[in-house]
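Bear in mind that the values in this text are calculations on the coordinates, not laboratory data. Nothing here was measured: the structure is a model prediction, and the numbers come from that model. As a convention, Cβ positions derive from the backbone with ideal geometry for all residues, glycine included, and neighbour counts pool all protein chains shown.
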Amino acid sequence: MRKQIAAANWKMNLTLQQGEQLLNDIIATPHELKENQQVVFAVPFPYLAMAQQKVAGKKNVFIAAQNCYNKKSGAYTGETSVEMLQSLGISYVVLGHSERREYFNESNQFLAEKVNICLDYKMTPIFCCGEALNVREANEQNAFVAKQLEESLFHLDADAIQKVVIAYEPIWAIGTGKTATSEQAQEMHAHIRAAFAAKYGAAIADNITILYGGSVKGANAKELFGQPDVDGGLVGGASLIAQEFVAIISALK
Ligand code: PEP
């Protein structure tokens with residue numbers, strides 16, 4: 001049975017104290033997580049150690065980094081290696097968020113290198129993909145997302161690809177309050193799964209967790225997560241409000 005995940009992306013928000021309070025509030029609420037359900041918090045780098053301590057011993061709750069570098073170590077001032085993250089006990093890394101692609105010019109090829117180094121260190125990449133509004137308006141979203149997967153992931157073998165989590169995040173829905181309809185989300189998730197099936201076979205494609213991201217809230221999570229190929233969400237704005245994120249966790253199917 002594939003994993004269902006409610007993942008929070010705090011982006012560059014909250015002070016240490018606010019982050020600690022938010023985690024306390026969310027963790028204090030009892031969650032009835034099934035065996036295949038997980039909660040992941042992608043917090044800013046300076047808060048990783050605090051967050052890791054908070055969730056220590058909590059079943060199926062994990063901390064993620066929001067990025068990593070593509071090199072093992074060395075003279076790369078200001079960057080963070082996967083080895084450093086691993087030494088903190090971090091197990092997930094968000095890669096290729098559209099904000100990193102846009103503001104930091106991260107290419108599909110560069111992301112392929114980051115995916116490789118994460119897998120070398122047994123970290124799970126949450127690989128983000130998704131099209132901008134002009135691509136959607138030209139009805140070219142399927143080819144666009146397929147290219148992102150091909151160029152960053154399709155070099156992986158059948159064993160490695162199953163260790164990657166996908167987050168489909170249409171850029172026009174991120175932080176805009178404009179959510180993809182559940183039909184639009186399902187259509188793209190089915191397309192992504194079909195692309196994996198064509199490359200790796202149906203059984204492997206069926207095992208891959210595909211999250212939806214883009215203005216997920218407590219009020220729409222159930223409908224979105226209820227779609228057969230939507231295995232949870234990557235959540236920005238609503239993950240900063242304890243009550244909202246708790247509702248999103250409860251919407252996992
Ligand atoms: C995100 O940051 O990945 C995201 C989907 O943001 P929001 O939920 O605010 O649209």
For segment 153-179, list residues with backbone N below 14 Å from a point placed 7 Å from the Cα of Ala198 toward its Cβ? 154
Quick one: which residues, 5+ away or cross-chain, put their amide H under 5 Å from the amide H of Gln37? H built at 1.01 Å from N. Gln4
Only Cα pairs under 8 Å and at least 6 apart count here; give the relative contact order of the chain as a rounded whole percent. 21
Where does the chain land at 222 nm, in deg cm²/dmol rounded to the nearest 500, when only DSSP H runs of n ≥ 4 count, each adding -39500 (n - 2.57), divided by all residues? -12500 deg cm²/dmol
In what sequence, highest mean first, do 196-205, 32-41 appear when ranked by Cβ atoms within 10 angstrom? 32-41, 196-205
In terms of modelled amide H atoms, which long-range or inter-chain residues lie less than 5 Å from the amide H of Val94? Ala65, Gln66, Asn67, Ile126
Looking at Val40, Phe144, Leu211, which one has the Cα that reaches farthest to the positive end of the dipole of the chain (charges on Cβ: Lys, Arg +1; Asp, Glu -1)? Val40
If R0 = 25 Å, then Thr181 and Arg2, at their Cβ-Cβ distance, give a FRET efficiency to the nearest 0.05 of 0.60
Taking neighbour Cβ counts within 10 Å as the exposure measure, how do Thr80, Thr29 sort from fewest upward? Thr29, Thr80
For a footprinting-style exposure proxy, rank His191, His155, His97 by other Cβ within 10 Å, fewest first. His155, His191, His97
How far is it, in nm, from the label point at Glu140 to the one at Glu79 when both lie 7 Å from their Cα along the line to the Cβ? 3.1
For a footprinting-style exposure proxy, rank His189, His31 by other Cβ within 10 Å, fewest first. His31, His189
